[in-house]
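Notes follow once the structure below has been shown.
The values are calculated or read from the model by the stated rules, or taken from the named source; none is laboratory data. Nothing here was measured: the structure is a model prediction, and the numbers come from that model. Here the Cβ positions follow ideal geometry from the backbone for every residue, glycine too, while neighbour counts run over all protein chains shown.
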There are 2 protein chains.
Amino acid sequence: MREGAEFDTIRALMARWGDLAVDIGDDAAVLASLAEGTRVVSVDACVEDVHFRRAWISAREVGVRAAVAALSDLAAMGARAESVLIAFVIPEAWREQLSDVADGMGAVIREAGARIVGGNLSHGAVFSITTTVIGRARRVVSRSGARDGDLVVVTGLLGGPGAAIRAWDAGESPTAWSRGRFVAPAPRWAEGEALAEAGATAMIDISDGLAGDARHVAAASGVRLELDVALVPAGPGIAAEAAMQSGEEYELLACLPADVYDALAARWQAVSPLPLTVVGVVHAGRDATASADATLPRGFDHFASGETVR
Amino acid sequence: MREGAEFDTIRALMARWGDLAVDIGDDAAVLASLAEGTRVVSVDACVEDVHFRRAWISAREVGVRAAVAALSDLAAMGARAESVLIAFVIPEAWREQLSDVADGMGAVIREAGARIVGGNLSHGAVFSITTTVIGRARRVVSRSGARDGDLVVVTGLLGGPGAAIRAWDAGESPTAWSRGRFVAPAPRWAEGEALAEAGATAMIDISDGLAGDARHVAAASGVRLELDVALVPAGPGIAAEAAMQSGEEYELLACLPADVYDALAARWQAVSPLPLTVVGVVHAGRDATASADATLPRGFDHFASGETVR
């Protein structure tokens, strides 16, 4: 896809994106200087038959998911997206569908308030989208600041993407809610920014599943995250244990001191329509554990579930 | 390649890169704020059997080329690299060779004075490397500033990569010089920065061939670039016409006023050991032309080659 075909494709994408795409076509894009805050950057790849199957979702939904997966990494730092670069590898069979993919990505990037500033086109045998996202945070939250005594919270309801994949793998149709969570997740900008500015000590987006991402935070922070299975906010009809393993959620897991949580919880409804749920507590030690006897402070509701996940 | 295998691979890469890789492992990387200059960003993909064939070059050379191709886009803006993010798609057959790829990329990135600040790993059926590069320029040069009367210059000697590919395609061995230009090109940092700061009006790296990239500059600048075939600095044993079509050179094409060229040419030996060669002139109009009767100003040597390339 060099020369004529490549430039035809670029022109078609530009027509699709309109004023969403700026200054594309030079060797590199210039980033505006920052008046305040910190600039952060991340890259994420979405590969056919690894991250999705075409039989499951539409071309537009492929674009939505690719953009969300990339942008969610910024939300997890407490950052808002500014600039996006998109590298497509495009087999012949995908040429006709590229406009729909572009529309899906464009919708998410527009919603995020970001612009497309560059990219790359290549032909190739397997379709993939590699998305670089650059954003700005007033306060950056890494994975590594969780401290003994912090509470562990999650946004939203978990388990939808995992339930959808299980249904598809079994030859069944997922529920509308589960399918919607897989095909049209949304990065948690407002929630990430509010958690960061309130004083979260560590944050991560749930892409490997709550249990797995809790382990990532534990490893980076040098602490133990104790999760209570009974507190996990699972989606309709989904078991808590399944919800803890469900990946590609793009909800946020954050750690924060109890007084910070109290203050944030009191005004959370002004931040987001999603629930913000305490699911555990941070202890000295290492790794993450999930149990029915998590030692949560200050009398949180605590229903026994009887099962240890790991 | 999730969970165990993914993290094993990340650990292996980190061990390979040592202090070249910083702060990897969070959702996104934090970029240091700029004291001066402008930040620029670019992304480039390198796909097996599209950009290279494994039979031609070693795994280490694959890494070198991928890094150079990405970093060269910054050189073409007059920028120096600061930060690199690397997204690998890795088929099973490549697992063992990944360290060598990493070494090749690492050597180029270290030479450039940049750091690896993030990336992404995915398994997949076709090996690819998508490299995002972020750099800083004291003066940014786009493709769009060429003006009537400017001279057109190129760095280095052209034609090596094209000659190497032609040899491989014919089942022959390329010359050592041509092979070297294909497997171990070098981004033209010092040259790009010097051209930018001297006052180049437009610049591009020669990835589509001199003739093709001259057209890109002409289109972006709204001018006509008239190239003189006889002036093209071809590598040993390579015809000027072939040198004009040879892609993936990673040499620079720049436009600049004649007085700026004179001043820069007078001190060029302090900038670079490469030749800086006038190959044409900018006129009002559009597109790029190559001929033996280019109307070059001020009595440049002008040998008839008798052939019009386009």
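For B:Arg143, state whether it is within 9 Å of chain A (Cβ to nearest Cβ), closer than 30 Å to B:Val260 by Cβ, basic (Lys, Arg) and surrounded by fewer than 24 Cβ atoms within 10 Å (Cβ to Cβ).
Answer is yes for this residue.
Could you tell me whether any residue of region B:68-90 is facing chain A (nearest Cβ under 7 Å), without any contact (Cβ under 8 Å) to a residue 40 or more places away in the chain and either surrounded by fewer than 24 Cβ atoms within 10 Å (Cβ to Cβ) or within 19 Å of B:Asp205 (Cα to Cα) (or both)?
Within region B:68-90 (the criterion being facing chain A (nearest Cβ under 7 Å), without any contact (Cβ under 8 Å) to a residue 40 or more places away in the chain and either surrounded by fewer than 24 Cβ atoms within 10 Å (Cβ to Cβ) or within 19 Å of B:Asp205 (Cα to Cα) (or both)), the answer is no, since none of the residues qualifies.
Give the residue that is surrounded by the most Cβ atoms within 10 Å (Cβ to Cβ), with candidates limited to residues of region A:240-262 that are over 21 Å from A:Ser142 (Cα atoms) and touching a residue at least 60 places away in the same chain (Cβ under 8 Å).
Kept after step one, since they are over 21 Å from A:Ser142 (Cα atoms), are these residues of region A:240-262: A:240-246, A:262.
Imposing the further condition that a residue be touching a residue at least 60 places away in the same chain (Cβ under 8 Å) reduces the set to A:240-246.
Details: A:Ala240: 23, A:Glu241: 17, A:Ala242: 18, A:Ala243: 24, A:Met244: 24, A:Gln245: 16, A:Ser246: 28.
It comes out as A:Ser246.
From the residues in region B:91-114 that are away from every other protein chain (no Cβ under 14 Å), acidic (Asp, Glu) and farther than 30 Å from B:Gly37 by Cα, which one is farthest from the chain's Cα centre (by Cα)?
This residue is B:Glu96.
Working only within region A:8-40, note down all residues that are of a type in the set (S, T, N, Q) and within 11 Å of another protein chain (Cβ to nearest Cβ). Working first, answer last.
The initial filter retains those residues of region A:8-40 that are of a type in the set (S, T, N, Q), namely A:9, A:33, A:38.
Matches in region A:8-40: A:Ser33, A:Thr38.
Only one of these conditions is not met by B:Ala167: (1) over 21 Å from B:Gly209 (Cα atoms); (2) free of Cβ contacts under 8 Å to residues at least 40 places away in the same chain. Which number is it?
(1)
Of all residues in region B:15-33, how many are free of Cβ contacts under 8 Å to residues at least 24 places away in the same chain and in contact with a Leu (Cβ under 9 Å, 6 or more places away or on another chain)?
Matching residues across region B:15-33 total 2.
Among the residues that make up region A:34-56, is at least one of them within 20 Å of B:Ser142 (Cα to Cα), touching a Lys or Arg at 6+ places or on another chain (Cβ under 8 Å) and touching a residue at least 40 places away in the same chain (Cβ under 8 Å)?
No.
Which condition number in (1) more than 9 Å from chain A (Cβ to nearest Cβ); (2) crowded, with 20+ Cβ neighbours inside 10 Å; (3) small (Gly, Ala, Ser) is the one that B:Ala59 fails?
Failing condition for B:Ala59: (2).
Going by the conditions given, is A:Val217 of a type in the set (Val, Ile, Thr), within 14 Å of another protein chain (Cβ to nearest Cβ) and within 17 Å of A:Gly280 (Cβ to Cβ)? Before you say what the answer is, go through the steps one by one.
Details: of a type in the set (Val, Ile, Thr): yes; within 14 Å of another protein chain (Cβ to nearest Cβ): yes; within 17 Å of A:Gly280 (Cβ to Cβ): yes.
It is true that A:Val217 is of a type in the set (Val, Ile, Thr), within 14 Å of another protein chain (Cβ to nearest Cβ) and within 17 Å of A:Gly280 (Cβ to Cβ).
If you go through region A:221-232 one residue at a time, do you hit one that is buried (at least 18 other Cβ atoms within 10 Å of the Cβ), farther than 27 Å from A:Ala67 by Cα, modelled with pLDDT under 90 and among the small types (Gly, Ala, Ser)?
No, region A:221-232 contains no residue that is buried (at least 18 other Cβ atoms within 10 Å of the Cβ), farther than 27 Å from A:Ala67 by Cα, modelled with pLDDT under 90 and among the small types (Gly, Ala, Ser).
Based on this model, can you work out whether B:Val43 counts as more than 7 Å from chain A (Cβ to nearest Cβ) and aliphatic (A, V, I, L, M)? Spell out the reasoning first.
Values: more than 7 Å from chain A (Cβ to nearest Cβ): no; aliphatic (A, V, I, L, M): yes.
No.
Could you say which residue among A:Asp228, A:Asp205, A:Asp150 is among the acidic types (Asp, Glu), in contact with a strand residue (DSSP E or B) (Cβ under 8 Å, 6 or more places away or on another chain) and closer than 18 Å to A:Ser72 by Cβ?
Sole residue among the options that is among the acidic types (Asp, Glu), in contact with a strand residue (DSSP E or B) (Cβ under 8 Å, 6 or more places away or on another chain) and closer than 18 Å to A:Ser72 by Cβ: A:Asp205.
Which of the residues that make up region A:109-132 are part of a strand (DSSP E or B) and either at pLDDT below 95 or among the acidic types (Asp, Glu) (or both)?
Once the filter is applied, which keeps residues that are part of a strand (DSSP E or B) and either at pLDDT below 95 or among the acidic types (Asp, Glu) (or both), region A:109-132 yields A:Arg115, A:Ile116, A:Val117, A:Gly118, A:Gly119, A:Asn120, A:Leu121, A:Ser122, A:His123.
Return a yes/no flag: does region B:122-132 have any residue that is farther than 30 Å from A:Pro91 by Cβ and either within 9 Å of chain A (Cβ to nearest Cβ) or not small (Gly, Ala, Ser) (or both). Give the steps one after another, and end with the answer.
At the first step, the residues of region B:122-132 found to be farther than 30 Å from A:Pro91 by Cβ are none.
Checked region B:122-132: no residue is farther than 30 Å from A:Pro91 by Cβ and either within 9 Å of chain A (Cβ to nearest Cβ) or not small (Gly, Ala, Ser) (or both).
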